[in-house]
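Structure first, commentary second.
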Amino acid sequence: METGKIVIEKVRGKSTVTKSFSKYPLKFIIPRKVGPSRVDAVWIYALTYGGGIVSGDDISCKLEIGAGCTAVLTTQASTKVYKSLGSKCSEQSLEAEIGSNSMLVLIPDPVTCFSTARYFQKQVFRVRSDSNLVLVDWITSGRHESGEKWDFTHYKSTNNIFLESDQPLFLDTVLLEQGSIVPLAERMQDYQVIAMVVLLGPMLRHIQGQVQEDVKRMMAKQLQGSPARWDRQMKSNTRRRGYCSNSFLDNRISLSIPEASIGWLGGIAGFVALFLKNGGTVEVPWICSTPWQYVLELLIKG
Amino acid sequence: MEIDMERNNNRKRPASTDLPLQWSQWQLLDSILPTGGFAHSSGLEAAIQTRVITGPEDLHTFVVHVLENTGSLLLPFVYTASKSPSADTLCKLDRMLDAMLTNEVGRKASVAQGSALMRVAASVFSEIPLLKTMRDNFLSSGAVSFHHAPIFGLVCGLLGFESETSQRAFMFITLRDVISAATRLNIVGPLGAAALQHQIAHDAEAITEKWSNRGVEEACQTVPLLDTVQGCHGYLFSRLFCS
């Protein structure tokens, strides 16, 4: 049984919520005046009582976006996943159907898992060849001001995008859990946030191009000059000094964007994985203050 | 006298059909098999140039990361393909993996190695005519992009390997290829590399055990940092490897 459902359809030429249902612990706020009035978009804020997800919560959401509509689903603050009781897991799932020529912008604040938290998130998107999707999925290392860095027990996030007749277009699952051979904190090195951004569809083509340009420029700057000379005798103490000063890690961000690759679809042209260092502050030179603001700014510009 | 008799018996046998399996097994894992694995560094070259690896001591960790991610993401594909080595299964797995490898560098590397392995296997293991017919069919229909992990599982399955062996073998060649790349990038010497390979074998076995015999719906990325770093490979100013 789902805890929330929203249907958006075109009514008198405007994207309109025609069905909205939610029950504890989920609540939707659908304010009218968020964006400029000339922009036809429904803004939905999803919130949970208590500002976070308690151990054992199971929130499942359904979203239907009719042809030609635009919807933005976001949150008011980071999704906090509190400490787990026993082996109970907190779960959130979203199933979204994006109609022809419509757009879903899913730009929540990052997930923050407290120490020992267990969290599982699954988002499934069903799209058509001309649907548009902006998806941001990100997680911070935890309450790192309190010294909790990658201290949760289990985090699993699945994002699957299917075309009509269940053709897989994009399948991604990230699993971060304690108890592997390499400790989780070591696996994430000094990074405090990981984020994934998916830009899909014909309406986002200009943004895909722009992000690719930005990344190309940034990477050229990062990796210019002679490749790292390898010194087998290099001691670990020297690597902390100097050697890293121009380091990639210090520049807070790395990206990978496969070029428009799934040619017959003309679909996903941009998949961006951002790794931001010093997550709490989210200082990203080329992005405004959060990835989604960057995305939105581009949307408005476009 | 006995030896002579055995030789005579051997001569009467038809070629290759009842050859002990190990000959095919070792050949499949031998680095001389021209599958192009040595053109790939599994992101090692990018990790060095982006200074994710800053000293020889980081190499050990990096290799274990590669193995961990290979185990969680690709081993389920090897397992499923080796369990039911058929054209239908391969088709399904190949399409799924194509959607899962979201980093373009990694995806291209997987296709390149898989295609090469299929080509080699189809002409080397001629006692299994199915390999050749499958390859020809897929090449003409274009239904499959020949991703490495399912092709490896398929070949192992058709050769008659146990699925445990197939999965451990896949981890072995992954380890072998990264270590070989490290040698050629001059991070370790050949002797040091061999020692490191043996040292990591314990971790590799533990990872194999953890991720073996799982269905593809469980496949996931466990070291996302690695995926991102590998994605940078295309931006490197100078490079030795394809991925």
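The values are calculated or read from the model by the stated rules, or taken from the named source; none is laboratory data. These figures come from a predicted structure and were not determined experimentally. Using ideal geometry, Cβ is built from the backbone for each residue, glycine included, and neighbour counts are taken over all protein chains shown. Ligands, DNA and RNA are stripped out before the accessible areas are found, and what is left, the full protein with its side chains, is counted by its heavy atoms. Shrake-Rupley method; radii C 1.70, N 1.55, O 1.52, S 1.80 Å.
What the table below lists for this structure:
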{"read-out": "Looking only at region B:27-41, and only at residues there that are within 21 Å of B:SER110 (Cβ to Cβ) and either open to solvent by less than 20 Å² (accessible area, probe 1.4 Å) or assigned to a helix (DSSP H, G or I) (or both), the one that is farthest from the other protein chains (Cβ to nearest Cβ)", "value": "B:LEU33"}
{"read-out": "Check on B:VAL188, open to solvent by less than 30 Å² (accessible area, probe 1.4 Å), closer than 21 Å to B:MET118 by Cβ and within 13 Å of another protein chain (Cβ to nearest Cβ)", "value": "no"}
{"read-out": "Matching residues, region A:42-58, being touching a Ser or Thr at 6+ places or on another chain (Cβ under 8 Å) and without any contact (Cβ under 8 Å) to a residue 40 or more places away in the chain", "value": "A:VAL42, A:TRP43, A:ILE44, A:TYR45, A:LEU47, A:THR48, A:GLY52, A:VAL54, A:GLY56, A:ASP57"}
{"read-out": "Candidate set from region B:233-243 (those that are at the interface with chain A (Cβ under 7 Å from one of its Cβ atoms) and not in a helix (DSSP H, G or I)); member that is most open to solvent (accessible area, probe 1.4 Å)", "value": "B:PHE237"}
{"read-out": "Those strands (runs of 3 or more DSSP E) lying entirely in region A:1-87 with at least 1 residues open to solvent by 40 Å² or more (accessible area, probe 1.4 Å) and at pLDDT 90 or above", "value": "A:4-11, A:14-22, A:26-29, A:42-48, A:58-65, A:79-81"}
{"read-out": "B:ALA169 buried (at least 24 other Cβ atoms within 10 Å of the Cβ) and over 30 Å from A:PHE162 (Cα atoms)", "value": "no"}
{"read-out": "Selected residue (criterion: most open to solvent (accessible area, probe 1.4 Å)) from residues of region B:43-75 that are more than 11 Å from every other protein chain (Cβ to nearest Cβ) and farther than 20 Å from B:ALA195 by Cα", "value": "B:LEU74"}
{"read-out": "Test: residue in region B:229-239 that is at pLDDT below 95, touching a strand residue (DSSP E or B) at 6+ places or on another chain (Cβ under 8 Å) and among the charged types (D, E, K, R)", "value": "no"}
{"read-out": "Condition broken by A:HIS206, with the remaining ones in (1) more than 12 Å from every other protein chain (Cβ to nearest Cβ); (2) at pLDDT below 80; (3) surrounded by fewer than 19 Cβ atoms within 10 Å (Cβ to Cβ) satisfied", "value": "(2)"}
{"read-out": "Single residue of region A:166-185 satisfying the filter (more than 7 Å from every other protein chain (Cβ to nearest Cβ) and surrounded by fewer than 18 Cβ atoms within 10 Å (Cβ to Cβ)) that is nearest to B:LYS210 (Cα to Cα)", "value": "A:GLY179"}
{"read-out": "Subset of region B:78-93 [closer than 17 Å to B:GLN221 by Cα and within 12 Å of chain A (Cβ to nearest Cβ)]", "value": "B:LEU93"}
{"read-out": "Residue check for B:HIS202: farther than 30 Å from A:ASN160 by Cβ, within 11 Å of chain A (Cβ to nearest Cβ) and open to solvent by 50 Å² or more (accessible area, probe 1.4 Å)", "value": "yes"}
{"read-out": "Residue match in region B:42-65 (condition: under 20 Å from the mean Cα position of the chain (by Cα), more than 16 Å from B:VAL223 (Cβ to Cβ) and not in a helix (DSSP H, G or I))", "value": "no"}
{"read-out": "Top-ranked residue in region B:100-120 [being in contact with a Leu (Cβ under 7 Å, 6 or more places away or on another chain) and either surrounded by fewer than 20 Cβ atoms within 10 Å (Cβ to Cβ) or farther than 20 Å from B:TRP211 by Cβ (or both); ranked as farthest from the other protein chains (Cβ to nearest Cβ)]", "value": "B:VAL120"}
{"read-out": "Filter result for B:GLU209 (more than 10 Å from chain A (Cβ to nearest Cβ) and either open to solvent by 10 Å² or more (accessible area, probe 1.4 Å) or of a type in the set (S, T, N, Q) (or both))", "value": "yes"}
{"read-out": "Unique match (being touching a Gly at 6+ places or on another chain (Cβ under 6 Å) and part of a helix (DSSP H, G or I)) among B:SER72, B:SER24, B:SER115, B:SER82", "value": "B:SER82"}
{"read-out": "Any chance B:LEU175 is open to solvent by 30 Å² or more (accessible area, probe 1.4 Å), closer than 28 Å to B:LEU19 by Cβ, more than 11 Å from chain A (Cβ to nearest Cβ) and under 19 Å from the mean Cα position of the chain (by Cα)", "value": "no"}
